[in-house]
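Notes follow once the structure below has been shown.
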Amino acid sequence: MRFVTEIELKTSYRQSPFARFRLAEDQRLTPEARQFLIDHQIEIQLTDEREEAQPLSLSDQQLIIVCQKLSSLLLLGFSLLVETHIELAEQVMIWQADIERLQDGGEFRGLRDEANDPFTPQPITPFHIQLAQGRAIAMLNCIRASLAELGLLLSDRRNQQVDKVRLSQEKGMVKQIAWELDDKLRDLIRGGGK
């Protein structure tokens with residue numbers, strides 16, 4: 001028998017707020033822990049450890065695959081940029097860490113608050129690819145297309161039974177990356193991104 005304490009719950013909640021707490025069959029809550037959950041209106045779910053894991057929904061599977069693809073594209077982008085555009089390569093690694101936090105359910109850095117849609121496409125032509133930064137431009141444009149795909153998947157989840165606050169944070173984080181990427185892409189196209 002293991003007792004879950006208020007301190008454990010507070011630490012966990014600070015790292016990543018949650019709306020439900022799963023209490024295993026061999027666990028009990030201290031009175032303070034139970035009061036913490038009640039005060040924060042967190043649902044307590046009793047679970048049987050013998051229960052099989054629920055299969056992921058199709059939209060959850062899509063979200064995982066898109067995040068994995070985007071993470072791989074960001075790593076590829078880093079490898080292409082590290083020798084010629086070191087500051088941009090560092091920014092790409094920050095974005096990659098953000099996508100991993102999205103997958104892991106972690107907290108996000110401060111989000112840019114703008115009303116315009118960062119997924120508006122920037123037309124990339126063969127002319128752009130022939131520029132000195134052509135590979136970087138092509139890679140960033142590919143990353144932006146994957147961000148748009150992820151943004152659409154997150155928007156689609158609004159119709160489902162998901163944590164609305166968490167979903168809003170995820171969508172905001174993806175938009176933040178898209179805005180920053182768009183700024184960098186415009187700089188490269190104008191020739192200012194060395």
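The values are calculated or read from the model by the stated rules, or taken from the named source; none is laboratory data. These numbers were taken from a predicted model, which means no experiment stands behind them. No Cβ is skipped: glycine too gets one built from the backbone with ideal geometry, and neighbour counts run over all protein chains shown.
Looking at D156, is it at pLDDT 80 or above, part of a helix (DSSP H, G or I), exposed (fewer than 15 other Cβ atoms within 10 Å of the Cβ) and not polar (S, T, N, Q)? If you could, list the steps in order and put the result at the bottom.
Numbers: at pLDDT 80 or above: no; part of a helix (DSSP H, G or I): yes; exposed (fewer than 15 other Cβ atoms within 10 Å of the Cβ): yes; not polar (S, T, N, Q): yes.
No: the conditions fail for D156.
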key: Test for A132: is it modelled with pLDDT of 75 or more, among the aliphatic types (A, V, I, L, M), assigned to a loop (DSSP other than H, G, I, E, B) and out of contact with any Pro (no Cβ under 7 Å at 6 or more places or on another chain)   = yes
request  = Any residue in the stretch 147-164 that's over 16 Å from I177 (Cα atoms): show its pairings with residues that are of a type in the set (D, E) and at pLDDT below 75 at Cβ separation under 9 Å, as long as the two are six or more apart or on different chains.
outcome  = R157/D60
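Tell me the residue from E100, E87, E83 that is modelled with pLDDT of 75 or more, more than 12 Å from the chain's Cα centre (by Cα), part of a helix (DSSP H, G or I) and not assigned by TED's automatic domain parsing to the domain that holds P17, please.
Values: E100 fails: more than 12 Å from the chain's Cα centre (by Cα); E83 fails: part of a helix (DSSP H, G or I).
When all the criteria are applied, what remains is E87.
Of all residues in the stretch 1-18, which are among the acidic types (D, E) and in contact with a Phe, Trp or Tyr (Cβ under 7 Å, 6 or more places away or on another chain)?
Selection gives E6 alone.
Mind listing whichever residues of the stretch 1-48 are polar (S, T, N, Q), surrounded by 12 or more Cβ atoms within 10 Å (Cβ to Cβ) and not in a helix (DSSP H, G or I)?
Of the residues in the stretch 1-48, the ones polar (S, T, N, Q) are 5, 11-12, 15-16, 27, 30, 35, 41, 45, 47.
Right, trim to surrounded by 12 or more Cβ atoms within 10 Å (Cβ to Cβ) and you get 5, 12, 16, 27, 30, 35.
Answer for the stretch 1-48, where residues must be polar (S, T, N, Q), surrounded by 12 or more Cβ atoms within 10 Å (Cβ to Cβ) and not in a helix (DSSP H, G or I): T5, S16, Q27, T30.
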